[in-house]
Amino acid sequence: MSTRENWGSRFGFIMAAAGSAIGLGNIWRFPYMTGSNGGGAFLLIYLGIVIGFGLSLLMAEMVLGRTTQKNPVGAFRALGGGAWPAVGYLGVLTGFVILSFYIVVAGWTLAYIAHMATGALSAPGLDYGKIFGDFVASPVEPVVYAGVFMALTCWIVVGGISKGIERWNKVLMPALFVILLILVARALTLPGAAKGVAFYLVPDFSKVTAQTFYDAISQAFFSLSIGMGTMLTYGSYLSKDENLPSATLTVALLDTAAAFLAGLMIIPAVFAFGLNPSAGPGLTFITLPAVFAAMPLGAPFGVLFFALLAIAALTSAISILEPMIAYLVDEHSLPRRGMTIVASVVCFALGIPASLSFGAWSGFTVGGKTWFDLMDFMANNLMLPVGGLCTALFIGWFWSREARHHLSNEGRLAQPWAPLWTFVLRFVAPLGILWIMLAAFLKD
Ligand code: PFF
């Protein structure tokens, strides 16, 4: 155990944690959620939730990891004992569930890079809805791309913390922000973009319902990577002298900035070409190719855009895989390389039905949901919220004094806001989360 690895630098840790947070959640999901939830009003509610309790939960996970220097199961076992390790096991399981559908969407982005680059998507007059529908329904190509993506993820994680995860995040995250800024500049200079900017920034509260809040809460969990021990695991490789609250704040700010910029890129571009921002999950794969086809130099911008998505997905997928590996290595002394390969193969196997649920297996449903939708629903609406709820309750009610002590580096950092943090973990977060779950339950 004494040979456990650490991050090489504070910058490396921040890039890795931001890499985890910034993913398909920011660039694929956030813009379409905003587009179909009334624009600016959703943005405002989302920001309120991130500040209101997302940030506190992120800090809670990080401090649990850093204090124990363990994986999610080990951390809850060391501090809570009893039934608490179940929270860690739930996190490990959630990783498999999320990866099974995450690699499918990530595979689509790889395919779209290739299709954009070959010009297959830029001929005039194409029906992008049909192209996307036919592609995701095919039995082989999307499965192969999901496999390629899983293999890439596996390869980076096999490399370890500083030589694998950190090294790649330090390159890919700055690249991601550069690409994002180029694309935002391109979108905002399109004629007619201003209407989209207004839709995005001027809140229209007439569209807000309970569902809007519910969507915003589940979006915040998914986007900040909280509720399954990913941030706990990343925190466990951090030195005890780092200023954790300031690192946490930086990660949350970067994540929020990336989501905000993704919206500022996609929504104005969609408006500039008179398309509809409320296309749902197809927004990035159906509406945007139409935008690229209609714009000068659309193909290179399209390649850049799907590369951005792929990078974002890769740095997140790594972080979804790492907690289960940390668990197997720490708790069972199993070899890292072998376990990473085994876990990746299992995730890929689970991804196959998720991919096929858009085609051959679309008729196989549980409670009206295909396998893909079921995995997405279980992760976002059940597993992450329950994980987050338990973490908030554990730190808020059973470990708050110690948590504050460790968060302040044994009293060396002044933290006048610490009582507010405890209050959020005791009351605000649990009640907010229970509300989502109730909403999910009543909706179905
Ligand atoms: N935060 C990632 C995204 O926004 O795409 C997804 C994610 C990563 C969720 C890690 C959960 C997690 F533990």
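Laboratory data are not the source of any read-out in this text; all were calculated from the coordinates shown. As the structure is a prediction and not an experimental result, all values here were calculated from the model. Ideal geometry is used to build each Cβ from the backbone, glycine not excepted, and the neighbour counts take in all protein chains shown.
Quick notes
- Cα gyration tensor shape of region 262-356, rounded if a/c is under 1.5, else prolate or oblate by comparing a/b with b/c: prolate
- Within the chain, the longest run free of exposed loop sites, counting chymotrypsin sites (Phe, Trp or Tyr not before Pro) that sit outside DSSP helix and strand states (H, G, I, E, B) and have at most 13 other Cβ atoms within 10 Å, spans 1-363.
- Backbone HN-Hα couplings from phi across region 180-187 [Karplus 6.51/-1.76/1.60, Hz, Gly and Pro as x]: 4, 5, 4, 6, 5, 4, 4, 5
- Of the residues A123, A247, A349, the one that moves most in a GNM of the chain with alpha-carbon contacts below 10 Å is A123.
- Unit charges on C-beta of K, R, D, E only; dipole of region 87-182, Debye: 340 debye
- ³J(HN,Hα) computed for each position of region 32-42 - Karplus, 6.51 cos²θ - 1.76 cosθ + 1.60, integer Hz, glycine/proline x: 6, 5, 5, x, 9, 10, x, x, x, 5, 5
- Of W399, L389, F364, farthest towards positive along the dipole that unit charges on Lys, Arg, Asp, Glu beta carbons give region 339-413: W399
- Shape of region 51-102, Cα gyration tensor, a/c cut at 1.5: oblate
- Neighbour count of at most 14 Cβ within 10 Å plus DSSP loop: longest trypsin sites (Lys or Arg not before Pro)-free window in the chain: 5-239
- Reducing region 216-266 and region 390-404 to their Cα centroids gives an inter-centroid distance of 19 Å.
- Dipole size of the chain about its Cα centre, with +1 on Lys/Arg Cβ and -1 on Asp/Glu Cβ: approximately 560 debye, rounded to the nearest 20.
- Where a label projected 7 Å from the Cα of L434 along Cα→Cβ would reach, residues of region 383-409 with amide N under 13 Å: 389-390, 393
- Pairs of lysine residues in the chain that meet both criteria, 8 or more places apart or on different chains and Cα atoms under 29 Å apart, total 11.
- In the chain, the DSSP-assigned H stretches of four residues or longer account for a calculated mean residue ellipticity at 222 nm of -22000 deg cm²/dmol, using -39500 (n - 2.57) per stretch and the full residue count as denominator.
- Rel. contact order, % - alpha carbon contacts under 8 angstrom, at least six apart, the chain: 35 percent
- Judged by the ratio a/c of the largest to the smallest principal axis of the C-alpha gyration tensor, region 324-417 counts as oblate, that ratio being 1.5 or greater while a/b is no larger than b/c.
- Centre separation in Å (Cα based) which lies between region 281-355 and region 126-195: 8 Å
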